[in-house]
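Reading through the structure tokens given below for one structure.
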């Protein structure tokens with residue numbers, strides 16, 4: 001049985017340093033994507049940000065409209081301590097599914113696999129709601145079956161495609177070619193545009 005993946009669950013995972021999905025830095029596929037972005041004024045959201053390595057990297061590259069959201073207060077506090085010059089009004093400690101704003105780009109990094117699989121359709125809908133028309137959802141999904149009773153949850157490419165095809169056009173949808181060794185062959189890169 002899947003536990004309640006609520007604020008307490010995630011706070012306890014961070015408190016016990018049980019974040020095995022965290023590689024301690026921005027992952028290579030997302031770094032490669034960010035490095036080719038030229039519009040540093042775009043509004044970027046990183047949901048389920050955890051330690052928010054992507055947000056730190058973007059901030060250090062001069063992107064100033066970066067927003068992060070996580071349900072775990074400890075994750076948010078740790079990020080604030082690590083990057084004290086990051087604007088506090090761009091850090092949300094709340095439920096992604098109740099968040100309301102509009103973004104040009106949303107980056108996915110291990111948030112999808114942390115959610116109860118029963119929320120995947122709602123995840124795709126909320127991503128669409130948070131993006132402006134033509135906005136992009138870019139990131140990585142795990143393509144193998146990891147766990148069935150606790151995060152990280154895996155799945156198949158065919159399953160994932162079904163969630164996104166109603167609201168998005170697929171600009172890139174392929175196995176990541178530049179994953180770190182421990183994730184090689186297990187990450188699916190997505191670059192989806194809201195229609």
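Bear in mind that the values in this text are calculations on the coordinates, not laboratory data. On a predicted model such as this, the values are computed, not experimentally measured, just so you know. A quick note on method: Cβ atoms are made from the backbone with ideal geometry, for glycine too, and the neighbour counts reach across all protein chains shown.
Taking the beta-carbon count within 10 Å as an exposure proxy, list 160, 177 from fewest neighbours to most.
On the way: 160 19, 177 11.
Ascending number of Cβ neighbours within 10 Å: 177, 160.
Give me the percent relative contact order of the chain, please, defined on Cα pairs under 8 angstrom at least 6 residues apart.
Working: 337 pairs, mean separation 39.1, N = 195.
Reported as a whole number, the value is 20 percent.
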Computed, not fitted: 222 nm per-residue ellipticity of the chain from DSSP H runs ≥ 4 (each -39500 (n - 2.57)), nearest 500, equal to -8000 deg cm²/dmol
Would you calculate the volume per residue, in Å³, of the smallest convex hull containing every Cα atom of the stretch 1-111? 109
Return the whole-Å distance between the Cα centroid of the stretch 40-55 and the Cα centroid of the stretch 119-170. 17
Run a plain Debye calculation on the chain (Cα atoms as equal point scatterers, no solvent) and give log10 I(q)/I(0) at q = 0.12, 0.18 Å⁻¹, rounded to two decimals, same order as the q list. -0.55, -1.40
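At 0.36 nm per residue, and after removing the present C-alpha to C-alpha distance, how many nm does the segment from residue 28 to residue 147 gain when stretched out fully?
Working: separation 119, 0.36 × 119 = 42.84 nm, distance 2.40 nm.
Contour length minus the Cα-Cα distance gives 40.4 nm.
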For residue 186 and residue 35, calculate 0.36 nm times their separation in residues minus their Cα-Cα distance, and state this gained length in nm to one decimal. 52.1 nm
Kirkwood Rh over alpha-carbon pairs of the stretch 135-195, then Stokes-Einstein at 4 °C and 1.567 mPa s: what D in µm² s⁻¹, rounded to an integer? 106
Divide the volume of the convex hull of the Cα atoms of the stretch 48-94 by its number of residues and quote the answer in cubic angstrom per residue. 59
Rank the residues 99, 171 as a footprinting-exposure proxy: fewest other Cβ atoms within 10 Å of their Cβ go first. 171, 99
Length released on extending from residue 12 to residue 133, taking residue separation times 0.36 nm less the Cα-Cα span: 39.8 nm
The stretch 69-168 - Rg (one decimal) and Dmax (whole number), Cα, Å: 14.6, 41
